[in-house]
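Below: one structure, written as structure tokens.
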Amino acid sequence: MIWGFNWVVMTTANRYFPPILFVALRFTFGAICLLIFCRIRKIPFPETRYLPWIALSGLLLMAVGNILVQISTQYLGAGMVAVLDYTMAVWMTILAVIFLREKITLRKAAGIALSVAGLFILMQVDIHGKLWAIGLTILAAVTWAIANLIVKTKLSDCAMIPVTAWQMTFAAAVLDIYVGIFPQGTVNWCLPAVNALLYNGIFASALAFVLWSIILDRMEAGKASVAVMAVPAIGVLSGVIFLHEPMTPGIAIGMAILFAGILTVLSIKTAAE
């Protein structure tokens, strides 16, 4: 729900912030929130041997991936970006089969196919978008999947809250250095801009990424990645409610197919469960 509504917020943020600067501010604010929380709750930081993997996954997931998405939203419709970004589930399932030895059953494959089909119908994809921007968004999906794989294989022994805090800290540090060296333009500070930053820093960054890390740690990677494909559907509903976008028959059909695919995958019982 947090990430779904954030498609509305990110679209609004592009009116007031240069894209890379907004991502830098978002994760700087989110990292500060998480570090303060860890300090107050006296949660120990991860051992130093995990820091290289935390840094790499944080840069891929939060810095590279979100920059690519934020830039793409300027040249493609939000629906197109959502569809392409959430093909992460497909890449994650492939990586999980190769590196985590997760089984790809006929039912799981059918659920993934249904979910992807639902997304394309739901978002009314325009295939005439800019090819280079489409490529950027697909690359963002791949970097997200690789970051998930790193968390599953290299950081599974760590507590997820401090891992997320340091992932965000490393990503924010690199982004802050970049925007400090290469000026990004000015920010049109106003109440909607402040609200967009607060929402992204506290909820869409600090809270949502912690929740995602916990889910990824406790659930089979392929299933978790398909479950999160509900985000664009919630984004559509948010657009209908808050931006007064129309609810068309195509949107209703796409949502029904999407959730049918998600339920198909999530109803699979693994041996571990």
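Since every read-out is calculated from the coordinates, none of them should be taken as a lab result. Predicted model only: the values in this text are computed from it and were never measured. So basically every Cβ, Gly included, is an ideal-geometry build from the backbone, and we count neighbours across all protein chains shown.
Please go through segment 11-25 and give me each residue that is of a type in the set (A, V, I, L, M, F, W, C) and either over 19 Å from the mean Cα position of the chain (by Cα) or surrounded by fewer than 19 Cβ atoms within 10 Å (Cβ to Cβ) (or both), ordered by number.
Answer for segment 11-25, where residues must be of a type in the set (A, V, I, L, M, F, W, C) and either over 19 Å from the mean Cα position of the chain (by Cα) or surrounded by fewer than 19 Cβ atoms within 10 Å (Cβ to Cβ) (or both): just F17.
Check whether at least one residue in segment 214-226 is buried (at least 20 other Cβ atoms within 10 Å of the Cβ), more than 23 Å from A171 (Cβ to Cβ) and touching a Gly at 6+ places or on another chain (Cβ under 6 Å), and report yes or no. Spell out the reasoning first.
Taking segment 214-226 and keeping what is buried (at least 20 other Cβ atoms within 10 Å of the Cβ), we get 216, 220-226.
Next cut, more than 23 Å from A171 (Cβ to Cβ) only: 220, 222-223, 226.
Within this subset, residues satisfying the condition of being touching a Gly at 6+ places or on another chain (Cβ under 6 Å) are none.
No, there is no match, as no residue in segment 214-226 is buried (at least 20 other Cβ atoms within 10 Å of the Cβ), more than 23 Å from A171 (Cβ to Cβ) and touching a Gly at 6+ places or on another chain (Cβ under 6 Å).
For segment 1-49, which residues satisfy the criterion of being under 13 Å from W166 (Cβ atoms) and in contact with a helix residue (DSSP H, G or I) (Cβ under 9 Å, 6 or more places away or on another chain)?
F27, G30, A31, I32, L34, L35, F37, C38, I43, P44, F45, P46
Yes or no: A173 surrounded by fewer than 21 Cβ atoms within 10 Å (Cβ to Cβ) and free of Cβ contacts under 8 Å to residues at least 24 places away in the same chain?
On the way: surrounded by fewer than 21 Cβ atoms within 10 Å (Cβ to Cβ): yes; free of Cβ contacts under 8 Å to residues at least 24 places away in the same chain: yes.
Yes; evaluated as a whole, the condition is true for this residue.
Can you say whether V236 is buried (at least 16 other Cβ atoms within 10 Å of the Cβ), closer than 30 Å to P52 by Cα and touching a residue at least 40 places away in the same chain (Cβ under 8 Å), as far as the supplied structure shows? Write out each step before concluding.
Numbers: buried (at least 16 other Cβ atoms within 10 Å of the Cβ): yes; closer than 30 Å to P52 by Cα: no; touching a residue at least 40 places away in the same chain (Cβ under 8 Å): yes.
It is false that V236 is buried (at least 16 other Cβ atoms within 10 Å of the Cβ), closer than 30 Å to P52 by Cα and touching a residue at least 40 places away in the same chain (Cβ under 8 Å).
Any residue at all in segment 194-210 that is in contact (Cβ under 8 Å) with a residue 40 or more places away in the chain, exposed (fewer than 13 other Cβ atoms within 10 Å of the Cβ), farther than 27 Å from W91 by Cα and over 21 Å from the mean Cα position of the chain (by Cα)?
Checking segment 194-210: not a single residue is in contact (Cβ under 8 Å) with a residue 40 or more places away in the chain, exposed (fewer than 13 other Cβ atoms within 10 Å of the Cβ), farther than 27 Å from W91 by Cα and over 21 Å from the mean Cα position of the chain (by Cα).
When you scan segment 17-97 for helices (runs of 4 or more DSSP H) that lie fully inside it, which ones turn up with 1 or more residues that are within 13 Å of A172 (Cα to Cα)? Steps first, please.
Numbers: elements: 19-40, 51-58, 65-72, 78-85.
The qualifying helices (runs of 4 or more DSSP H) are 19-40, 51-58, 65-72.
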